[in-house]
Structure formats: structure tokens, C-alpha cells
Amino acid sequence: MATKAASPNVADVTAGHKTSSRTIALMIIGLALILVAPFLIYPVFVMKVLCFALFAAAFNLLLGYVGLLSFGHAAFFGGAAYITAHAIKQWGYPPELAILLGTGFAAVMGVVFGYVAIKRQGIYFAMITMALAQMFYFFCLQAPFTGGEDGIQGVPRGKLFGFIDLSNSLNMYYFVAAVFIIGFLFIWRVVHSPFGSILKAIRENEQRAISLGYRVSRYKLGAFVISASLAGLAGSVKAIVFQLASLTDVGFQMSGEVVLMTLLGGIGTLMGPVVGAVLVVSLENYLATSSLPVPVVIGSIFVICVLLFRRGIVGEFNAWMDRKRG
Amino acid sequence: MTEPLLQVKGLQAWYGESHVLHGVDLQVHRGETVTLLGRNGAGKTTTLKSIMGVLRKRQGEIRLNGKDLMGLPLHHIAYAGLGFVPEERGIFSGLSVHENLMLPPKVADGGFTLDEIYHLFPNLAERRNSQGTKLSGGEQQMLAIARILRTGANILLLDEPTEGLAPVIVQRIGDVIRALKAKGMTILLVEQNFRFARKVADRFYVMEDGHMIDTFRADELEGRMDSLNETLGL
Amino acid sequence: MVTVFGISLPALMGQLLIGLINGSFYAMLSLGLAVIFGMLRVINFAHGAQYMLGAFFAWFLLRYAGIGFWPALVLAPLGVALVGVVIEKVLLSRIYNLDHLYGLLLTFGLALVIEGLFRHWYGTSGQPYSIPSTFQGAFNLGFMILPKYRAFVIVASVVVCLATWLLIEKTKFGAYLRAATENPTLVQAFGVNVPRLLTLTYAIGAGLAGLAGVLAAPVYQVSPLMGQNIVIIVFAVVVIGGMGSIMGAVVTGYVLGLVEGLTKVFYPEASSTVIFVIMVLVLLVRPAGLFGKE
């Protein structure tokens with residue numbers, strides 16, 4: 001009888017890697033970089049990176065630690081963006097409430113989509129999430145409140161908690177940084193919690209976990225909802241930073257991008273999605289001004305990563321360091 | 001002493017990281033029926049699979065008619081004349097009995113014709129349009145052997161042909177093997193069922209823990225019974 | 001005037017016809033996907049791109065070589081099949097031993113590259129491809145107008161699906177395919193060149209997509225986006241039908257095309273999402289798909 005552990009799993013590339021002092025060192029460096037970044041690099045760019053890094057980290061929770069590839073995560077990211085944008089612009093909500101609302105919406109979507117998708121595994125799961133997200137895309141295309149092709153534009157930054165003026169770039173930046181750090185630490189906590197250990201056990205040998213009495217689908221759904229909510233959080237913040245929510249946010253290309261960030265950075269590593277987000281956002285920025293067609297470059301990187309570079313940057317780095325230790 | 005048809009020297013094999021065969025030597029001469037004996041886990045099936053090339057992680061020498069099989073891709077090893085009947089039989093559920101039978105391509109002349117096969121295995125003729133897996137265990141075993149016979153393979157590798165079968169069927173399989181021997185077929189047989197093996201084998205090898213620990217001819221069997229009883233736990 | 005639920009009969013039949021046309025393409029494309037998935041366990045994301053290539057090859061043949069529809073119907077799919085051979089031998093064959101998700105990611109990347117290139121060269125607007133002269137005009141059936149080419153597409157798709165089914169179920173080659181789907185190692189141990197079988201299977205799948213593309217050229221425009229638009233719907237069709245069943249994929253394709261057409265008549269806003277809604281419902285009730293074997 002072939003158990004799930006018998007067939008190779010995407011997440012196995014970096015499985016079993018506990019948070020070492022190496023990772024903590026990286027995180028401290030990362031924190032330092034985040035704190036000084038707005039003085040060195042254009043703040044909006046770094047904010048974009050942070051939003052996508054959180055998005056990718058949320059996605060990676062599902063792929064790297066549960067082994068489920070969701071090809072429709074943009075639905076949560078963009079859906080929350082729409083809700084937040086609408087709440088601020090139409091209903092006059094303050095930013096923190098709008099973000100909560102957006103994240104909550106993503107969570108609910110996560111429950112609904114997750115419940116359906118988790119009935120299957122592996123490639124079927126990927127295809128189902130893809131189709132569900134596409135359904136949501138068409139809904140957004142037609143729904144009146146999303147503004148269709150134009151999206152919701154000119155979303156005011158507002159005053160956080162009533163007094164922090166977010167139209168000030170630095171204020172906005174440190175808020176985004178704080179959200180990112182909290183989100184990232186939350187993911188870290190989840191991965192290293194008893195819940196996270198059970199997820200790992202499920203990924204490694206689902207049959208065994210079932211026989212031990214765990215309600216496996218509940219855990220998977222839980223992970224899915226957490227992942228969706230955090231993706232939504234990223235989307236909500238992004239809507240405020242760019243003062244825009246549009247169809248691109250819920251589109252298929254967006255779902256594909258977050259997969260690429262995670263693959264390139266390193267599936268199943270904590271820092272991987274962050275590194276991947278930095279690279280992909282920078283790459284797209286650069287490509288926007290060059291004549292090279294973006295999808296061709298992105299697609300080529302996908303192909304190369306799958307063939308030659310499955311562990312991703314952080315994964316390869318970890319493996320290299322392990323070999324040096326001997 | 002004629003050159004053996006199949007010559008294996010220093011065969012080592014791995015399942016993943018696990019080193020399972022530690023330098024196995026064996027020979028099978030044309031027309032012989034040789035049996036590999038040993039407990040569960042001794043490495044008998046692994047040896048068979050390594051010779052066939054189904055198990056790829058292996059080292060050593062495997063010569064068929066002097067030709068080295070080691071570097072060949074799996075389908076070329078079949079062309080060389082090796083026919084494999086796996087332990088699980090491998091009858092395809094998506095194919096009818098007839099389609100299962102006709103599936104392996106001819107690798108040489110001298111294979112059984114369809115008529116000869118249906119003569120040897122009449123119940124396969126009756127069920128020829130049934131789905132392959134709807135047959136009983138014994139009939140599936142017959143089918144698994146029959147389809148190799150069509151190909152003209154001149155050496156058969158049989159992995160536990162009597163496993164899980166009723167005594168009546170086991171006897172039938174014994175008859176089939178004897179008929180094949182009469183036709184000059186060379187057979188390398190893995191068997192746990194010692195009582196069956198001693199009725200058909202010309203020579204025996206005994207394996208333990210991935211090593212070949214003994215070999216003797218059928219006429220030497222009586223003298224070996226005590227040590228065999230111990231080794232095989234009979 | 002005859003009306004059905006308030007819609008005139010010609011209008012209703014017209015929409016059903018469009019639905020059946022769409023369904024024909026859904027059927028052909030999900031057939032190709034199912035064939036590839038059955039043997040290679042790869043979700044060929046590049047299927048939409050291969051469909052698009054088929055249409056473009058037909059367009060190239062006409063535009064640059066003056067070769068018309070009928071030869072293109074053979075040549076263009078062959079071209080796409082050749083592309084498929086290259087893809088399988090150079091890229092796909094390296095990842096069979098990995099988690100099947102990598103196949104999805106690899107073909108996704110390929111789709112991006114191929115579609116990106118064509119979008120770069122030809123923009124997003126479509127190139128026209130005229131209906132072959134044999135099929136210009138329409139039959140007037142009284143209760144509806146049936147354009148000749150549309151009728152041909154439906155018939156052709158049925159023929160293609162039947163021919164593929166015959167190939168798989170009734171030929172020796174098909175027996176090799178069916179057996180290798182179950183136990184590729186054993187089939188190779190019998191002396192069948194299974195690696196070549198895998199390459200051929202992918203090529204056939206790609207060729208089927210290309211053939212659908214040629215048939216589509218006079219109906220939809222020849223556009224770099226045509227693959228993207230249709231591939232996710234075809235995925236939903238395959239999930240609904242059940243990945244293990246080839247006939248299931250085909251039947252589901254036609255039926256869902258009709259359902260989409262009907263929805264467009266009575267509830268137009270839902271027409272782009274109805275297939276996905278059905279997918280959700282099927283998953284709740286029968287996760288393996290309507291004809292699924294697992």
C-alpha cells in the first residue's frame with residue numbers, strides 16, 4: 001500500500017529543517033535591513049516587497065509545511081484588497097478596521113474555498129484552487145462595487161488609530177514593516193507549535209496520522225485558513241500602500257507569481273519566500289523598463305527552477321552550509 | 001562443461017541507500033531449472049530483479065550468452081531473451097486476457113504459438129475476453145507465465161509462482177514447468193515452497209542476508225536436508 | 001413566433017449551438033489533457049499554449065506559404081506534436097520521478113514562455129482566419145440557422161474523440177498505453193520501449209490540442225491569448241469529469257458547453273462562472289469526478 005510518504009513530495013526538499021542559529025542570524029540581519037531600508041531605497045518599492053514577502057510566506061505555509069500547492073491564492077490577496085479599498089473609500093473606515101475587515105473576508109473565503117479544495121490532494125487540489133480563484137476573478141470582473149477594469153482607485157491612506165498620518169511615507173513604511181514582522185513571526189510560531197508538528201506529521205505520512213486519531217482534514221483546513229488570512233492581510237495592506245485595488249490582484253498571473261517567489265526562494269524554508277519576493281519584485285521592476293517580455297522571463301525561471309534548482313536559493317544555501325559542516 | 005547461459009558474478013544491489021545484495025554469484029546452464037531458496041528477506045527476489053534490470057542500482061557482472069547486460073536499458077534486456085514473471089504477476093486490469101497475453105512483443109523465434117498456449121492453458125482460452133484481473137489467482141499466474149512464453153524468451157525468471165495458490169493449482173503449475181523443461185526452456189525460479197521446488201529443480205542455490213551461502217544439485221538434496229531445515233526454518 | 005420560456009426558438013438554438021461548439025473544443029482539449037495525464041501523470045499546463053500554436057501554425061501556413069485549411073488540418077497538428085516531442089524529451093522526461101506538482105509547475109512555466117513570446121510578437125488582438133470555402137454559408141433549418149462551418153466543427157470533434165478512443169481501446173498501441181499507465185516498469189521489462197511511448201503520448205496530446213486550434217481558427221480569432229482563456233475552463237471540465245476517464249472528459253466537455261450556452265440564455269451574468277460552480281458542487285458530492293475511477 002503506497003502511503004503519502006512513499007511518493008516524493010514538493011515539501012521534502014527542505015523537510016526537517018529546524019530553525020537553527022543560522023536562520024535566527026538571517027532574521028536579525030533581515031530585521032536590521034527592514035529598519036534602515038527606507039533611508040537607502042525608495043520606500044514604496046520596499047513596501048511592495050514586504051507585502052509580497054508576507055503573501056509568499058503565507059503561501060509557503062501551505063505548500064512548504066502542509067504540502068498543498070494552491071494555485072489560486074490571489075483570490076485571498078486581491079479579495080481582501082478590494083474589501084479594504086472599498087471600506088476606506090466608500091464607507092470611510094479607518095485603516096486598521098479596514099485591514100481587519102479585509103483579512104476577515106479572506107479568512108471566510110479561506111474556509112469556503114478550503115472546505116471544497118481539501119477534498120482532493122496534490123495536483124487535483126492545485127487545479128481546484130485555480131478554478132475557484134478564476135471563478136472569483138470573473139465575479140470581481142462583473143461585480144459593480146469592484147470598479148471592473150479600472151478597479152478601486154484613489155484610496156485615501158487615512159490616519160492609523162486616528163492620529164498616525166499614513167500619507168507620510170515613513171509612517172506608512174514602518175506600519176507595513178510592523179505588519180510584516182508580526183505576520184512573519186506568527187508564521188514562525190505556527191510552524192514551531194504543536195499544531196505545526198501535526199501538520200508536518202500529516203505531510204510526511206497522512207495515513208499514519210489518521211490512524212493515530214487526528215482529524216486530518218481539520219488540520220489541513222486550519223492551515224489553509226491561516227494561509228488565506230495572512231495572504232489577505234498582505235493584500236489589505238497593499239491596497240492602502242498603493243491606494244488601489246484592481247483585477248490584477250485577483251488574477252491568475254498574481255497566483256503564479258507567488259508560486260514563483262516561493263519556488264525561487266526555497267519551498268519550506270522560512271526565509272525563502274522573503275528572498276524570493278525581493279528577487280521577483282526587483283526583477284519585475286527592472287523588466288518593466290526593458291524590452292524583454294515579462295512572462296517569458298518569469299516562465300523561463302520557472303522551468304529552470306523546476307529542472308535544476310528545486311531547493312531554491314535559501315534551500316541551496318542551507319544544503320551548502322550543511323555540507324560545509326560535514 | 002558447457003558455458004552457462006546465464007552467468008552472474010559479484011552482483012551487488014541497493015534499494016535506495018540500503019545495501020541488499022553483497023556479491024552474489026550464480027550460473028544457469030541451458031535447459032536447467034535452477035531454484036533460489038532462502039527465507040523472507042534473504043534477497044531472492046532482489047537477485048531476480050537485479051538480473052532482469054528492473055532494479056537498476058546494481059553492480060557486478062551479468063552475462064547472457066556471454067553478453068554483458070549490466071549497462072543495457074530494461075527493454076533491451078528483454079530483447080536479449082530474458083522473460084520476467086514478477087511475484088505480483090502484474091496482470092493489467094485495463095486489458096482483456098487476450099490483450100494481456102498478446103502484449104509482450106516477440107523477442108526471438110521459437111516462442112509458443114497462440115494455439116500452443118491455449119492448448120497448454122485451456123482456461124485462458126475460455127476467458128480470453130474477460131478483463132485480465134477478473135481471473136482467479138491461479139489463472140492470473142498461468143496468464144503471467146503464458147504471455148512470456150509467446151515472446152520467444154529463452155530464459156524465464158519466475159518469482160514465487162506458487163505463492164498464495166491452492167494445492168491443485170500448484171500442481172498444475174508444476175505440470176506447466178515440467179512441460180517447459182521438456183521443451184528445453186531454461187528457468188531461474190525463486191520459491192519459498194520447498195516441496196514444490198524439489199519436484200522441478202535440477203539445481204539449488206541457498207541465500208541468506210544478501211549472500212549466496214550454498215549450492216547443490218538435486219541429487220545431493222538428501223544429504224543437505226538437515227542444514228536446509230535449519231537455514232530455511234522448515 | 002415559437003418561444004421557450006420567453007426566448008425565441010432561433011435565439012435559443014443559436015445559443016445552444018454556440019454552447020455545443022464551445023463544448024466541442026472543451027471535449028477535444030480535455031481529451032488531450034486526460035491522455036497525457038493518464039500516462040505521464042503530468043497536468044499539461046502548456047495545453048492551452050499548444051492549442052494556440054495549432055491555430056497560429058495554420059495561420060502561418062496560409063499567410064506565408066499559401067497553404068489552406070485542409071492541408072493545415074494535418075500539418076499544423078503535426079508541427080505542434082513535434083514541439084511536444086521536443087518538450088517531452090528535453091524537459092519533461094527529467095522530472096517523472098519527482099512529485100507530480102513539478103510537472104504542473106514546469107508546464108506552467110512553458111505556457112508562460114510560449115504565450116509570452118507570441119504576445120510579444122503579435123500583440124493581444126487576434127488575427128483573422130477565414131472559413132474555408134467549402135463551408136461558407138449556412139443551412140436554414142427553419143427553427144434555426146446552422147452555419148456550415150460550425151456544423152463541421154461539431155462533427156469533426158466527435159470524429160476526433162471517437163478516433164482517439166478507438167486508438168486507445170482497440171489497437172495494440174492503445175494496449176501498450178493502457179498497460180504502461182498501470183505498470184510502466186513491467187511493460188518495459190517485456191521489451192516495450194516505454195520512454196518512447198511516453199514521448200509519443202505527450203506528442204499525441206499536444207497534437208490533439210493543435211488540431212483543436214486549427215479547427216478553432218475560423219471560429220474564434222487566432223490570438224496569443226486564446227489558450228489562456230480556455231485552459232482553466234478545461235481544467236474544471238476535467239476535474240468534473242474525473243481525471244482517470246477519457247470518455248468521461250469528452251462527454252463532460254460537450255455537456256458543460258451546452259450548460260454554459262443555456263446559462264447564457266437565461267442567466268447571462270453567470271455564464272462565465274457556471275462551470276466552476278458545477279465543479280464545486282461535484283466536488284462536494286462526488287470528489288472523484290462524475291466518471292472518476294479513483
Sort out for me the Cα centre separation of segment C:27-89 from segment B:206-221, rounded to whole Å. 58 Å
Which residue, B:Leu48, B:Leu74, B:Leu188, has the largest displacement toward the positive end of the dipole of chain B when charges sit on each Cβ (Lys, Arg +1; Asp, Glu -1)? B:Leu74
Whole-Hz Karplus ³J(HN,Hα) for segment A:29-40, in order, using 6.51 cos²θ - 1.76 cosθ + 1.60 and θ = phi - 60°, x for Gly and Pro? 4, x, 4, 4, 4, 4, 5, 8, 3, x, 8, 10
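For B:Trp14, C:Trp70, which order do you get if you count the other beta carbons within 10 Å of each Cβ and list the fewest first? Working shown, then result.
On the way: B:Trp14 16, C:Trp70 10.
Placing the least packed residue first, the sequence is C:Trp70, B:Trp14.
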Size of electric dipole in the protein assembly as shown: Cβ of Lys, Arg +1 and of Asp, Glu -1, about Cα centre, debye, nearest 20: 420 debye
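So what's the net charge close to A:Val111: Lys and Arg +1, Asp and Glu -1, counting the other residues with Cβ under 15 Å from its Cβ? Provide the component values of the computation, followed by the final result.
Working: positive: A:Lys119, A:Arg218, A:Lys220; negative: none.
Within the 15 Å Cβ shell, the charges total +3.
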Would you work out which of C:Ala49, A:Phe125, A:Thr289 lies farthest towards the positive end of the dipole of the protein assembly as shown? Charges go on Cβ: Lys and Arg +1, Asp and Glu -1. A:Thr289
Can you tell me the relative contact order of chain B? Whole percent, Cα pairs under 8 Å, sequence separation 6 or more. 28 percent
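With r as the distance between the Cβ atoms of B:Gln171 and B:Ala218 and R0 = 25 Å, compute the FRET efficiency 1/(1 + (r/R0)^6) and round to 0.05. Display every interim value, and only then the final one.
Working: r = 19 Å, r/R0 = 0.75.
Plugging the Cβ-Cβ distance into 1/(1 + (r/R0)^6) gives 0.85.
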How many percent of all Cα-Cα pairs in segment A:77-141 sit more than 17 Å apart? 48 percent
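Assuming R0 = 22 Å, what is the FRET efficiency of C:Trp121 and C:Val85, from their Cβ-Cβ distance, to the nearest 0.05?
On the way: r = 23 Å, r/R0 = 1.05.
E between C:Trp121 and C:Val85, to the nearest 0.05, is 0.40.
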How large is the Kirkwood hydrodynamic radius of segment A:204-326, counting all unique pairs of alpha carbons, in Å? 16.9 Å
Percentage relative contact order, chain A, counting C-alpha pairs under 8 Å, at least six apart: 32 percent
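Can you give the Rg to Rh ratio for segment A:40-252, taking only C-alpha atoms and Rh from Kirkwood? Intermediate values should be presented prior to the final figure.
Values: Rg = 17.4 Å, Rh = 17.4 Å.
Here the Rg-to-Rh quotient is 1.00.
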Partner lysines whose C-alpha sits under 20 Å from that of B:Lys44, ignoring same-chain residues fewer than 8 away, are B:Lys9, B:Lys57, B:Lys199
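What is the sum of charges around C:Ala81, taking Lys and Arg as +1, Asp and Glu as -1, for the other residues whose C-beta is under 15 Å from the C-beta of C:Ala81? Write out the running numbers ahead of the final one.
Numbers: positive: C:Lys89, C:Arg196; negative: C:Glu88.
With Lys, Arg at +1 and Asp, Glu at -1, the net is +1.
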Taking trypsin sites (Lys or Arg not before Pro) in a DSSP loop with at most 13 other Cβ atoms within 10 angstrom as exposed, one finds the longest site-free stretch of chain A at A:19-214
What is the count of Lys pairs in chain A whose alpha carbons sit under 25 Å apart, if the two are 8 or more places apart or on different chains? 16
Lys, Arg +1 and Asp, Glu -1 on Cβ, resulting dipole of segment A:40-252 about Cα centre, debye, nearest 20: 600 debye
Given a 10 angstrom Cα cut-off, can you work out which residue in C:Ile275, C:Ile240, C:Ile67 is the most mobile in a GNM of chain C? C:Ile67
Taking a ≥ b ≥ c as the square roots of the Cα gyration tensor eigenvalues, with a/c under 1.5 meaning rounded and otherwise prolate when a/b beats b/c, else oblate, which class fits segment B:133-234? prolate
Between rounded, prolate and oblate, where does segment C:3-285 land on the alpha carbon gyration tensor, with a ≥ b ≥ c its root eigenvalues, rounded for a/c under 1.5, else prolate if a/b exceeds b/c? prolate
Principal-axis tilt of helix B:221-232 within chain B, Cα atoms, nearest 10 degrees: 90 degrees
What relative contact order, as a whole-number percentage, does chain C give when Cα pairs under 8 Å and 6 or more residues apart are counted? 37 percent
Over the Cα atoms of segment B:6-232, how large are the radius of gyration and the largest Cα-Cα distance (Dmax), in Å? 17.0, 49
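Would you please give the FRET efficiency between A:Thr248 and B:Glu126, computed as 1/(1 + (r/R0)^6) with r the Cβ-Cβ distance and R0 = 45 Å, to the nearest 0.05? Spell out each step's value before the answer.
Working: r = 65 Å, r/R0 = 1.45.
Given R0 = 45 Å and the Cβ-Cβ separation, E is 0.10.
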Lys/Arg +1, Asp/Glu -1 at C-beta; segment C:3-285 dipole; positive extreme among C:Asn183, C:Gly14, C:Gly242: C:Asn183
Taking only the alpha-carbon positions of the protein assembly as shown as identical scatterers, the Debye log10 I(q)/I(0) at q = 0.05, 0.06, 0.09 Å⁻¹ comes out as -0.35, -0.49, -0.99
Filter the trypsin sites (Lys or Arg not before Pro) in segment B:158-234 to those in DSSP coil with at most 16 other Cβ atoms within 10 Å of their Cβ, and list the result. B:Lys183
Given charges of +1 on the Cβ of Lys and Arg and -1 on the Cβ of Asp and Glu, with all other atoms neutral, how large is the dipole of segment B:6-232 about its Cα centre, in debye to the nearest 20? 560 debye
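What value, in deg cm²/dmol to 500, does the helix sum -39500 (n - 2.57) over DSSP H runs of n ≥ 4 give at 222 nm once divided by the residues of chain A?
On the way: 14 runs with 236 residues, N = 326.
Result for chain A: -24000 deg cm²/dmol, rounded to the nearest 500.
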So, over other residues within a Cβ distance under 14 Å of A:Cys140, counting Lys, Arg +1 and Asp, Glu -1, the net charge is -4
Which loop chymotrypsin sites (Phe, Trp or Tyr not before Pro) in segment C:78-153, with loop taken from DSSP, have no more than 12 other Cβ atoms within 10 angstrom of their Cβ? C:Phe143
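Values quoted throughout were computed directly from the atomic coordinates according to the rules given, and no laboratory measurement underlies them. Here the structure is a predicted model, which is why all the values come from computation and not from measurement. Methodologically, a virtual Cβ is constructed for each residue, glycine included, from the backbone with ideal geometry; neighbour enumeration extends over all protein chains shown.
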